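The values are calculated or read from the model by the stated rules, or taken from the named source; none is laboratory data. Predicted, not measured: the structure shown is a model, and the values here were computed from it. Backbone-built Cβ (ideal geometry, glycine too); neighbour counts: all protein chains shown. Each accessible area value is taken on the protein alone, full model and side chains, heavy atoms only, with ligands, DNA and RNA left out. Shrake-Rupley method; radii C 1.70, N 1.55, O 1.52, S 1.80 Å.
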Amino acid sequence: MATKDEYAQMSLYVYDAKALEENRPLEPAGWKRLQYEPAGFAGFSYGIFQRIGSDEVVIAYAGTNNIGDVLNGLAAGLGVASTQNGVWRATV
């Protein structure tokens, strides 16, 4: 199971959406990035990481970053379709 420090590194990787690839934090040692989706139009950002030599996978999501995220969250809570709902379904 991932350690708190590894979770923190993966989370930092996903939250640092505006960093250029060469300035992005490294994946934790022993882990590889399978997929990364920076916050685009929908404001939804995530990264998928796998422990090397294992089936262990971590999906790290970014939380609320701006008013657009707040509005999407309210819409989802009310059962109204939002742009983030579609992006999330595409990852699962």
message: Which pairs turn up if I take residues in region 25-39 that are in contact (Cβ under 8 Å) with a residue 60 or more places away in the chain and within 12 Å of Glu6 (Cα to Cα) and look for partners that are in a loop (DSSP other than H, G, I, E, B) and of a type in the set (S, T, N, Q) with beta carbon separation below 8 Å, at least 6 apart in sequence or on another chain?
response: none
field: Total residues in region 1-24, condition open to solvent by less than 30 Å² (accessible area, probe 1.4 Å) and within 21 Å of Phe44 (Cα to Cα)
entry: 5
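For region 46-59, which residues satisfy the criterion of being hydrophobic (A, V, I, L, M, F, W, C), over 11 Å from Trp31 (Cβ atoms) and either open to solvent by less than 40 Å² (accessible area, probe 1.4 Å) or at pLDDT below 95 (or both)? Please lay out each step first, then the result.
Residues of region 46-59 hydrophobic (A, V, I, L, M, F, W, C): 48-49, 52, 57-59.
Pick out the ones that are also over 11 Å from Trp31 (Cβ atoms) and you get 59.
Hits for region 46-59: nothing passes.
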